[in-house]
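Notes follow once the structure below has been shown.
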Amino acid sequence: MSFKVRSSKFRHVYGTALKREYCYDNIRVSKSSWDSTFCTVNPKFLACIVESAGGGAFIVLPLSKTGRLPADQPVVGGHKGPVLDIAWCPHNDNVIASGSEDCVVKVWQIPDGGISRTLTESVVDLIYHQRRVGLVLWHPTARNILLSAGSDNQVVIWNVGVGEPLIHIDCHPDIVFSASWNFDGSQLLTTCKDKKLRLINPRSGEVEQEVICHEGSKASRGIFLKGGLIFTTGFSKLSERQYSLRSPEKLDDPIVMVELDTSNGVMFPLYDPDTSMIYLCGKGDSVIRYFEITGEHPFVHYINTFQTPDPQRGIGMMPKRGCDVSICEISKFYRLNNSGLCQVISMTVPRKSELFQEDLYPDTIGDIPSIDAEDWFNGQDAEPILISLKDYHQPTRLPTASEMKVAKKPNILDKPSTNKSTKSSPNNLTTPVAKPQFIQPQQSIPDDIVKEFKEEIRKLKAMIVKHENRIRTLEARAAEDVTDSVKDNGDSLIITNNDQNDVDTKDVDINDDD
C-alpha cells in the first residue's frame, strides 16, 4: 500500500528548553484563579504577574537579566487589587497595559534598562468599569487603541493617548472570556460565558453574527487567523477539550471540530501568522501541542507535542521580531511554572545552512502603527506595516507615529513616565492639556558680527583682569595702613582711616591671649 506524505516546511519543527541559567527563577507567580496567561513578552522585556501583599503587582525584567531573581526584586505595583491581565503595546516596546480587580486599567512606561525600584506611578489611569477588569488587548494597527473587558460584561475601546473611552460595547449578557482583532483591526471577535461566539463591528458596537461556540460551560477562547478564518478552543458537554476552525460566512457550521482530551485546563491558542501555525497551551498542562493551518483537508494538521515534566501556570509568546533567525527559530515561548521558574522554549526548524532562510521568514508585522487613533475611529482601516527580518538588528525605520499626521489631541504616552497619571471616568472625562513649545528656527549669523562679538568679549576679559589687579593692590595697601594705625589704649582700639582723614573709635574687648 502506498500513501502520500504531506509536504511542509514545518513537519520537523522541534522544541528546545534552554538551560536553567538562561531562564528566570524565583518568581512569585500569582495564585489568582483567573484564566489568564499571566505572562507577556516582547523583544525588550519579560513581564509576569506576581503575588503581592496589599494590592496587585507584576514584574518587568530585561530579557538579558536571566538567572535567579533577588527576593526584593522591584515590581510595578500601583494597583489596589490583584492584577489579572497584562499586555505589551505592539507599537512601543516600553509601554504595557494592566487590568486589575480594582476596576482600573493602567498604562505604564518602562525605562529602557528596566525598573530599579518599585514603580507605582502610571502614565494614565483608565477608569470606566464597575467591576474587575480581566482582559486588556491592544489594537494591531492603530496607534494608542486599547480594548478592555470587565466582569461588568462591558467592553470599552480607549484612546490611550488622551485617556478617553472612544466606544462602549454593551452586547454581552455575561463575562467576556476572550477577544481578538482581525488582521487589520476592522472586526472584533469575542467569546462569552453564555457559550456564544460574536462577530462585532468595533466602531459601532453592532453584533454582526453570534453562534454557539462550544457547548461546555467552561471558558472558551477564539482568535482571528490571517486569512479571515476563526480558530476556537473550548469544552464539549462532557467536559472534553475541543478546538474548531470556522469561516466567518458560516460561523454555525465549523469546518473542523476535534476533541483532544478530557483535561479541565483552559487552552490558550497562540498564533503565528507568518507560518500559519497554532500552539495550544493548556493551563496546568505539561505539553505544548502545535498545528499547521492549510487549505487542504483536514485543514488543521497536527505536527508534534513538546513535553516538559512540570505543569505550566502561564505562557507568553515572543513576537517574531524577537526570534533568532540565525538558528532558524520560528517561535519562542516563556513558560511560567508553579515552582517559580520561567522556562524559555525555542521552536526551531532544522536547517544545515546558516544563511537567512527567506522561506521561513516572510516579511512580518513591525512595531510601527499604520494609522492614528482618530483616523481609525473615523472609519479608516490599514494593513499592518511589514518589515524584513533579514539583518534585523537596527531595521530601517519607517516614519514613526510622531512624524505622521499631527495628533488632534495631546498624547499622554509622549510624556515622561514621571508625570502624574491622568484619570478619566465616564462622568468626568478630563483631557490633559499640553503646553505648546515653540522652537525658533535657527538663523545663520554673519561673520563680521561674530568677529565684533569676539572682540567685545576680549576687551571685557582684559578689563576684568585690570580691575582684579587694582583690587588686589588696594586690598594690600589697606591692610598695611590698618596695621600701622592700630594703637593699644587699654580696653579700646583707635582705628585711623588715612584715606578719609577721619578717626573712628570702637570699643573692642581685648583678650589676654591677644
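Read the figures in this text as sums done on the coordinates, not as results from a lab. It should be emphasised that the depicted structure is a prediction, and the values quoted were computed from it without experimental measurement. No Cβ is skipped: glycine too gets one built from the backbone with ideal geometry, and neighbour counts run over all protein chains shown.
Tabulated results
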item	result
Gyration tensor (alpha-carbon) shape descriptor, the stretch 224-310, a/c threshold 1.5	oblate
Full-stretch length increase - residue 174, residue 16 - with 0.36 nm per residue and alpha-carbon distance subtracted	52.9 nm
Under 5 Å, built H, 5+ apart or other chain: amide partners of residue 75	118, 119
Spin-label pair residue 451/residue 252, simplified geometry with 7 Å Cα→Cβ offset, distance in nm	9.1 nm
Prolate/oblate/rounded call for the stretch 145-211, Cα gyration tensor, a/c under 1.5 rounded	oblate
Residues whose placed amide H lies under 5 Å from that of residue 281, excluding near-sequence neighbours	268, 270
Residue 478-residue 9 pseudo-label distance in nm [points 7 Å out on the Cα-to-Cβ vector]	8.7 nm
Ranked packing of 321-328, 334-341, 465-472, 379-386, most packed first, by mean Cβ within 10 Å	334-341, 321-328, 379-386, 465-472
Ordering of 178-187, 201-210 by burial proxy (mean other Cβ atoms within 10 Å per residue, highest first)	178-187, 201-210
Residue-by-residue Karplus 3J(HN,Hα) for the stretch 280-295, coefficients 6.51, -1.76, 1.60, Hz, glycine and proline x	9, 10, x, 5, x, 7, 10, 10, 10, 8, 9, 10, 10, 9, 9, x
Rounded, prolate or oblate (a/c below 1.5 giving rounded, otherwise prolate when a/b exceeds b/c) for the stretch 44-112 by Cα gyration tensor	oblate
Local net charge near residue 468, Cβ-Cβ under 13 Å (Lys/Arg +1, Asp/Glu -1)	+3
Pairs beyond 20 Å (Cα-Cα), from 106/193; 80/218; 19/332; 44/65; 196/237; 332/390	106/193; 80/218
Residue 100 long-range amide H proximity, modeled H, under 5 Å	84, 133
Karplus (6.51, -1.76, 1.60) ³J(HN,Hα), θ = phi - 60°, over the stretch 148-165, in Hz, Gly and Pro reported as x	9, 9, x, 6, 7, 6, 9, 10, 10, 10, 10, 9, 5, x, 10, x, 10, x
Dipole magnitude of the stretch 329-369, debye to nearest 20 (Cβ charges: Lys/Arg +1, Asp/Glu -1, about Cα centre)	320 debye
Table column - 3J(HN,Hα) (Hz), the stretch 351-365, Karplus curve with 6.51, -1.76, 1.60, x for Gly and Pro	9, 7, 6, 9, 6, 5, 9, 5, 6, 8, 10, x, 4, 10, 5
By average C-beta atoms within 10 angstrom, highest first, the peptides 232-244, 154-166, 349-361	154-166, 232-244, 349-361
Where labels lie 7 Å past Cα in the beta-carbon direction, separation of residue 33 and residue 386 in nm	4.6 nm
Rounded to the nearest 20 debye, dipole of the stretch 37-171 from Cβ charges on Lys, Arg, Asp, Glu	300 debye
Of the trypsin sites (Lys or Arg not before Pro) in the stretch 80-187, those whose Cβ has at most 11 other Cβ within 10 Å and which sit in DSSP loop	117
Charge sum, other residues only, whose C-beta stays under 10 Å from residue 388's C-beta, Lys/Arg counted +1 and Asp/Glu -1	-2
Given charges at beta-carbon only (K, R positive; D, E negative), |dipole| of the stretch 143-295 in Debye	220 debye
